[in-house]
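The next block holds one structure in the form of structure tokens; read it before the comments.
Since every read-out is calculated from the coordinates, none of them should be taken as a lab result. Keep in mind that what you see is a predicted model, and the values were worked out from it rather than measured. Heads up, the Cβs are rebuilt from the backbone with ideal geometry, glycines too, and the neighbour counts pull from every protein chain shown.
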Amino acid sequence: MAKLDVELTVNGEKHKLKVGSQERLLDTIREQLKLTGTKEGCSVGECGACTVIVDDQAVNSCMVLTAQVDGSEIITVEGLESKSGLHPLQKAFIEKQAVQCGFCTPGMLMSALALLNTNPEPSKEEIKTALEGNLCRCTGYQQIIDAVEMAAEEWGA
Amino acid sequence: MAFKHVNKGVKRVDAYEKVTGKAKFGADLEFANMLYAKVLRTEYPHAKILKIETSEAEKMPGVKGVFTAKDIPNNLFGVIVQDQQVLAEDKVVLAGDGVAMVVAESEAEAAAALEKIEVDYEELEGVFDPLEARKEGALKLHPEKEDNQVIHHPLRKGDVEKGFAEADVVLEREYTTQFIEHSYLEPEAVVVVPNEDNHLVSVYGSIQNPYATRNAVSAVLEVELADVRVIQNHIGGSFGGKDEVVSAMAARAAVMAIATGRPVKMVNSREESFTESYKRHPYHLTYKIGATKEGKLTAMEIEAVADSGGYACQTPFVTWRSVVQATGPYEVENVKTDTYGYYTNNPYTGAMRGYGSPQVIFAQESLMDELAGELGLEPVELRKRNMYSQGSVTASGQKLDRHTVSLNEVMDKAMEAIDYKNKYEEYSKEQSGDKKKGIGLSISFRGCSLGAEAIDAAASVIQINKDGSVAVYSGLAENGQGLKTIFSQMAAEVLGIPMSEVEFKELDTSFTPDSGSTVASRATLIGGNAVKDAAEKLKQRIMTFAQDKYELDAEVMELKDGFLYDGQGNRLATFADLTGEMGNTGILMSAYGWYKSPPISWDEEKGCGNPYFTYVYGCQIAEVEVDTGTGELSVINMAAAHDVGRAINPENVKGQIYGGVMMGLGYGIMEELELRDGVIQGTNFHDYMIPTIKDMPDIKPVIVENPDPDGPFGAKSIGEPTLELGSAAIANAVAHASGKRIRSLPLNLERVLIGRALHKGGK
């Protein structure tokens, strides 16, 4: 099967890739780029573990074909930490004990990042709406909400 | 006692790798020359296998091997009863049984080859209800067994006939509970590497219980335990679920890794996970209870019938916990309890957080509210007149006097947290409109750790490096619950060093001693004691050395903040210099820790003894709003008060409470694995709904601390108690709001509105 040429900017780095026409963005990220922080939990867009940011939007990368997002700018969990240290969201997730098994964490962080990028002072209800597509079976969500609230405050400060 | 690290909400030691995506889970692993494997599973719940034709599959591109039962050295495994097949040989007993497997250069090639395998079946009648399976002459699942009974646990105390004769009120009620999917976010994954570091096979992956998996793999391969090395990776949730199903997966991958001489990776899709994994046991419960008009319980007669599905798996132990806790935390003179498990052609059932308690608590705590109603007593009052207090004797004849019996305290604190009394009074009045509010509670006692199921002991190893950094190893496994952090806190506390000096190491069965399984909320209690033991041995060694070196009494000196102090506030040495010097003089700077639980006992014939050496107590209260016009149920507030002995990490304890309450909410009001003749209808999260962030009530966690003499720093358990109480509290709140008593879980729209499930045969 003919491969397609695509160009993606992932975590600030440009990649020229050859992808199959049916290749999911999730597979490109995990298997071609070896960025395994993005997780596969259900493959049908229900659990949110594979959430990444494509051009400022949080998307389920299992539901997107890579060819569809040619030329896009993508952020994965690996792109959050910078030379100046952890992102305020990462710090807050650690501080508020918002992590248990950690499998939903990358997706949660990405959905929260997309929220704060567009709405730096979200209400509790807005946080819930932004994270509604991300399932977590360990934490009961409370400490995740606490973390997003803390990050919003830190970020705004 | 003032603690430095223990009893503090210190940050998780594994959080950094988890928030940066660096943490490697089973599916993230890659090895050079790795192959991928897939399993062909049957769609029939009960069928004879007449023929498996693999020749076409073998010719498919990339295929390195096709395997059936005949290729498995020992095809039977199981923790308690060895009745589970790695691959079905002559017969399948549940839809989802593996019949063949393919290993290939890629996952896609393995999947394509699976479709070329032809299996001829002869369909058999099935039995899908344990109440049918128990009948005389019922179709037998396992021909070599006498009947379909997996287990029967009796318990007899006093004389129930006499007790019922003394009662003014006798109630008989039936309750049912449902199949539940664990719904860990990470589907199962393993990689088996052959001939690595002198081991026949190394097993990596999302493994809840590395020793159980090692036992299974070595039994299946018919090799020594020492030939099999299991290394646990980060595990994306388990809740009791990644035990037998992962052991089977590891055994299959091991067979293929040995056959090909190459690493073999297996990762389940969500659909495969739903199809193959074991579930929470559904129960059919019959309760008869007698009480005097003053509200004193005189007798309870209980029968609990559990659906074991196709295999015995953990049913004998799950139903044993039920028999111990079936009366709830109440003094009853006369008790007759029988719990049973039966084989059916349904998915098999095993360990899931709670383990035989959520089912009986739903029934028995619903029943207490029903009885209170009959007697004209408030639910709290009926409980207070009968519940355990210090020195009470349980149904099995155990006197509760080794620890603090804190039911009164947990109940009062939960009531205070949610303003129970005012709300109960307000919602008991006539409410206008369709939307009605109610409040309900439930209480429990829960035996900590394994109890009389098995020998209950655990090990740890602590090693002090020459620079004063400390490595901690445990035979129990991090499952996401926070064990690495808890154990690191304990080691730092005893050795008087900063948390940053402690490094918790991954579990590797080739190094750490077998400590049994990380189950039964036993890690903090049993494993914690083992960590404390190792740390204390090293501390004693350090203090003996210091006593000679500084000619000061070891009792006076103190290890604190990474220094040795003379007891007068003066620093004598850094921890690093002192321990480094000890190492250089040839003193062993590592120690094994070991802890074995205090004696317990159980008479299986009579159902009496001291089944657990300590217990925890909890109370949860739910406040709900029921739309009596539509059946819509909103859980608005929940309070959860749990006595944990001592909270080693209060923030972690809160995390366990929030998570357990939400899992209990799912169990109570929304989750149900729908089966049609043994076949799961819907194998992903769009069919099987678990609570989202939008389903959250406002949860008020209340930590109650009564240090236990046998717990490390007084700590006991928290993981499982948090989810066993919610469903009954919610059912009681719904009855309070609407006047409707629902005796089947979950309390979904149709049950709340019309009182039964809409699907065929729905209760």
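Applying Stokes-Einstein at 25 °C and 0.890 mPa s to the Kirkwood radius of the protein assembly as shown, computed over alpha-carbon pairs, gives a translational diffusion coefficient of 85 µm² s⁻¹. What FRET efficiency, computed as 1/(1 + (r/R0)^6) with R0 = 56 Å and r the Cβ-Cβ distance, is obtained for B:Gln547 and B:Ile636, rounded to the nearest 0.05? About 0.40, to the nearest 0.05. Length available on full extension from B:Lys24 to B:Lys145: 0.36 nm per residue minus the Cα-Cα distance, which gives 39.2 nm.
Return the whole-Å distance between the Cα centroid of region B:63-125 and the Cα centroid of region B:447-524. Using only Cα atoms to place each centre, the spacing works out to 37 Å.
Among the trypsin sites (Lys or Arg not before Pro) in region B:1-106, which ones are in a DSSP loop with at most 12 other Cβ atoms within 10 Å of the Cβ? Mind listing them? Sites meeting the loop and neighbour criteria: B:Lys59. By the gyration tensor of its Cα atoms, with a ≥ b ≥ c the square roots of the eigenvalues, what is the shape of chain A: rounded for a/c under 1.5, prolate for a/b over b/c, or oblate? Taking the square roots of the gyration eigenvalues as a ≥ b ≥ c, chain A is prolate.
What you get for the protein assembly as shown, charging only the Cβ of Lys and Arg (+1) and of Asp and Glu (-1), is a dipole of about 800 debye around the Cα centre. Computed over region A:88-156, the percent of Cα pairs more than 15 Å apart is 41. When each of B:Met101, B:Met411 is scored by the number of other beta-carbon atoms lying within 10 Å, the sequence from fewest to most is B:Met411, B:Met101. By the Stokes-Einstein formula, at 1.306 mPa s and 10 °C, region A:4-79 with its Kirkwood radius over alpha-carbon pairs has D equal to 133 µm²/s. The magnitude of the dipole of region B:137-275, with charges of +1 and -1 set on the Cβ of Lys/Arg and Asp/Glu and taken from the Cα centre, is near 440 debye.
Per-residue shielding of B:271-277, expressed as the average number of other chain Cβ atoms within 10 Å of the residue Cβ, stands at 1.
Entry note, chain A: the mean residue ellipticity at 222 nm calculated from DSSP H runs of n ≥ 4, each adding -39500 (n - 2.57), is -8500 deg cm²/dmol after division by the residues and rounding to the nearest 500. Once the Cβ-Cβ distance of B:Glu56 and B:His759 is raised to the sixth power relative to R0 = 30 Å, the FRET efficiency obtained is 0.15. Only helical runs count toward this figure. For chain B, summing -39,500 (n - 2.57) over DSSP H runs of n ≥ 4 and dividing by all residues gives -8000 deg cm²/dmol at 222 nm.
Taking a straight Cα-Cα cut-off under 21 Å and skipping sequence neighbours fewer than 8 places away in the same chain, the lysines within cross-link reach of B:Lys716 are B:Lys4, B:Lys8, B:Lys11, B:Lys399, B:Lys413, B:Lys484, B:Lys532, B:Lys596, B:Lys654, B:Lys700.
Within region B:15-91, the chymotrypsin sites (Phe, Trp or Tyr not before Pro) that combine a DSSP coil assignment with at most 16 other C-beta atoms in a 10 angstrom radius are B:Phe31.
At most 10 other Cβ atoms within 10 Å plus a DSSP loop assignment makes a site exposed; report the longest stretch of chain B without any exposed GluC sites (Glu not before Pro). Result, exposed sites excluded: B:606-763. Legend: calculated FRET efficiency, B:Asp197 to A:Asp55, from the Cβ-Cβ distance at R0 = 51 Å, rounded to 0.05, equals 0.65.
In this rough spin-label picture, where each label sits 7 Å from Cα along the Cβ direction, the B:Lys8-B:Arg571 distance is 1.7 nm.
The tail of the calculated P(r) for chain B, taken as Cα-Cα distances beyond 52 Å, holds 14 percent of the pairs. Each Lys and Arg contributes +1 and each Asp and Glu -1, all at the Cβ; summed about the Cα centre of region A:94-157, the dipole is approximately 300 debye.
Note on B:Asp467 and B:Lys70: their simple-model spin labels are 5.8 nm apart, each label 7 Å out from Cα toward Cβ.
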